[in-house]
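First comes the structure, then the notes that go with it.
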Amino acid sequence: MQRLLFLCLSILLLFTACTSLFFYPQTRLVRTPTQLGIAYENVYFMAADGVRLHAWWLPASIEKVQGTVLFLHGNAENISTHVKSVAWLPGKGFNVFLFDYRGYGLSQGTPHLKGLHLDVEAALTIVISRLGASSKLIVFGQSLGASLAITSLSTSAHKKLVNALVIDSAFSSYREITREKLANFWLTWAFQWPFSLSVNNTYRPLKEIARLAPIPILIIHGTADKIIPVHHAQRLYAAASEPKQLWLIPNQAHIQSLSRANVQQRLLEFYLNLEINSIHPNSEF
């Protein structure tokens, strides 16, 4: 009984950290794009509060550049473990800019929500400075990065320069996903409401997504996602303004939808068709 009480108290203390539990950074880079056969450039830049950030610029590897993708990764590890999500794009004519939030990889600082929003805005500024006169800019986020993309773009000074937003496996609310995770474990079930209410919900994707119009929004989510349930995608889609699409990918787990060749190909078509403002209808796979 004493051990059980100690475990419960430990869990209670753990969740007083609340929002910080969304961040699981890794500072060591486990690979470089060179090891994947991709050319790259190290880029260092500053957030508005003076934090030095690190990124990789992957230039398109074919002569005709189709556009540029700003990639926002999930809450764990760093760009070296997430690069495979976008490593296929340079060969299709797209530049890719992927960066580490503060506290991740070679980026300085400690992660917190307000700071990560400053990081996204700084990354947008750098990417826009590298765009050609007729180049498209697509923001692509996965998991935490997808939710950050929504709330960052909604107030960004650069919002009008973004041609599309692709969000893969996003959650609709920090508070809601915290409550759901607490509810999944019998020891924390009773604490789901008090602790979820203490989570910083200032940056709420569900509230902000409608403000992104008229940016085309593509929401991708695997129906077998046990990390962020698919209803988060459905709620985000319902709250978003047109033009919007929802791709629910059967039997795919968290951020695994693009491992399917047909989904990857369809996403490429979505990117390419942005030039002529052609939007596919909602799709079943």
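Each value in this text was obtained by applying a stated rule to the coordinates, not by laboratory testing. Not measured: the values here are computed from a predicted model. Quick reminder, even Gly has a Cβ in these numbers, built from the backbone with ideal geometry, and neighbours come from all protein chains shown.
Want the number for Lys207 to Glu63: 0.36 nm per residue separation, take away the alpha-carbon distance, what's left?
47.8 nm
Counting only other residues whose beta carbon sits under 14 Å from that of Ala55, what net charge do I get with K and R as +1, D and E as -1?
-1
What base-10 log of the normalised intensity I(q)/I(0) is obtained for segment 198-276 from the Debye formula, alpha carbons as equal point scatterers, at q = 0.27 Å⁻¹?
The computed values of log10 I(q)/I(0) come out as -1.25.
Taking the mean number of other Cβ atoms within 10 Å as a proxy for protection, how do you rank 66-72, 144-150, 160-166 from highest to lowest?
144-150, 66-72, 160-166
Give me the compactness ratio for segment 122-164, meaning the Cα radius of gyration over 2.2 N^0.38 Å.
1.13
Would you please report the Å³ per residue occupied by the convex hull of the alpha carbon atoms in segment 40-133?
Value for segment 40-133: 84 Å³ per residue.
How about Lys160: which lysines have a C-alpha closer than 29 Å to its C-alpha, ignoring those fewer than 8 places off in the same chain?
Lys64, Lys84, Lys92, Lys114, Lys136, Lys207, Lys244
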